[in-house]
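One structure is given below, encoded as structure tokens.
All of the numbers you see were taken from the coordinates with simple rules; none came from a lab. From a predicted model like this one, the values you see are computed outputs, not experimental measurements. Positions of Cβ are backbone-derived with ideal geometry, glycine not excepted, and every protein chain shown enters the neighbour counts.
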Amino acid sequence: MARYQARRTGRGRAGVVAIAALALAACDVDVINPGPAQDDFLDDPGAFDAVVEGAVATAGFALNWVAYTGAYISMETVPSGNVGNLFGAPTAVRERGVLEEDDNNTHWNNAHQARWVAEDGIRRFERAMEPDEFASSARVAKLQLRSGYGSRLLGENMCTAVFDGGPAEPRSAYWDRAEAHFTDAMATAQAAGDTEIAMAAQAGRAAVRVYQGDWAGAVADAEAIPRDFVYEQDYHSVDWDDYNRFFWGNNYPDSPFRAHTVWSTFYEDYYEETGDPRTPWGFDPDRPVGTVEPHPWYFQLKHDHLTAPINLSSGREMVLIRAEAALRNGQVDEAMDLVNSLRADVGVDPWDPGNEEEAWVALKRERGIELWLEGRRLGDLWRWHDEGIPGQVEDMTGRSLCFPIGESEMETNPNLGPEDQVMVTG
């Protein structure tokens, strides 16, 4: 737990030092974490693998928190237990689906730390390597990829962009930063001969281009990704920070938490009606309700073990990007053919919309099903609301559509004032 005691808003070096030190230990459970290392030690090429793995670990921690709480707000799950800061939903989230700035410090700080750690690794490697080595290094490509995912996580979930103690910027600054990192990762990975990283970077860029409104670019990237491609965020059982929070907070054997439930969400009835293997949940008659809220406890089974990975990009998501682009062009039949091909893959009946608005509902539902509990839903709901896209799914009236700037950032960043705090609701 020591690696996260010194939380920053993406400005300090303490995070990467402590995280990378633990990453060395995480490779072998018989090695004891020696604690924080001197910052200069991480400029030694012998520490470069630890720098990369530290960035991966920090990204996993950030995704865990943002995806978990974002699922409450976007109604992918419903709070059914409250055990303080570990798994419980803040009162405003539980009662109104609203994230207030004093509820968002952990999410804001962790997400910015993940971005900063990966970007700082790139800076270190660039100082230490010759230009040709840097431009063809698989380690550099992986850090560039993680930097892209870090900015994408922020762009899909945070209301306002702030970088390293600077002023407030439009949310689009996250997407621009992510696209640049993904583009760099593609070039570096291709030079290094790492096709997996190159493909993940292109898939990540496709998703970012959706938010930028570059649908031609998004489709071009999406078409290059095979349908069976998956790039995941791994989790581990070394330390509780490395566990999959969706599983640990709910499904862990004899879990005392029972923190969230699928009850009363779209996914409750949908799974009962279709048996779609992408949205599984279960019920324990010996523990029928949550630990605090008297809701039926229907526990998710998508993340079905303590180290279950979370998808960062997939070829199936790319099909949905192509489908949405077609629907935006009025090509309803083409869009539904793509969507229903995904449903055929998993053995569930096709959507059969009667008009374009119903086609939008089907597309929105399919993205929710395919990307369930992956930290992606809140961003989708925000962008559709922001663009006035037809076809209502979840009723987000009065609910948060993004995470506000964390209270600690507002209090310590001299470049921010009260006018910079944006609270976006449906």
_Run lengths n ≥ 4 of DSSP H only: what is the helix-derived mean residue ellipticity at 222 nm for the chain, with -39500 (n - 2.57) per run over all residues, to the nearest 500?_
-16000 deg cm²/dmol
*Would you work out the charge dipole size for the range 139-240 about its Cα centre, treating the Cβ of every Lys and Arg as +1 and the Cβ of every Asp and Glu as -1, and quote it to the nearest 20 debye?*
120 debye
*asked:* I'd like the trypsin sites (Lys or Arg not before Pro) in the range 65-155 restricted to DSSP loop residues with at most 13 other Cβ atoms within 10 Å, sorted by number.
replied: none
_Fewest-first sequence of 151, 408, 80 by Cβ atoms within 10 Å of each Cβ_ = 408, 80, 151
*Which one of 405, 289, 148 has its Cα pushed farthest toward the positive end of the charge dipole of the chain, where Lys and Arg give +1 and Asp and Glu give -1 at the Cβ?*
405
*Counting all C-alpha pairs of the range 56-109, share separated by more than 13 Å (%)*: 58 percent
*Can you put 264, 255 in order of Cβ neighbours within 10 angstrom, beginning with the fewest?*
264, 255
*Quotient of C-alpha Rg and 2.2 N^0.38 Å, computed over the chain*: 0.95
*Using the beta-carbon distance between residue 334 and residue 422 and R0 = 35 Å, what value does 1/(1 + (r/R0)^6) give for FRET efficiency, to the nearest 0.05?*
0.45
*Enumerate by residue number the chymotrypsin sites (Phe, Trp or Tyr not before Pro) in the range 270-313 meeting two conditions: DSSP loop (anything except H, G, I, E, B), and at most 14 other Cβ atoms within 10 Å of the site's Cβ.*
none
*FRET efficiency for residue 240 and residue 102, using Cβ-Cβ distance with R0 set to 35 Å, rounded to 0.05*: 0.90
*Under-5 Å amide H pairs with residue 281, H placed in peptide plane, nonlocal only*: 301
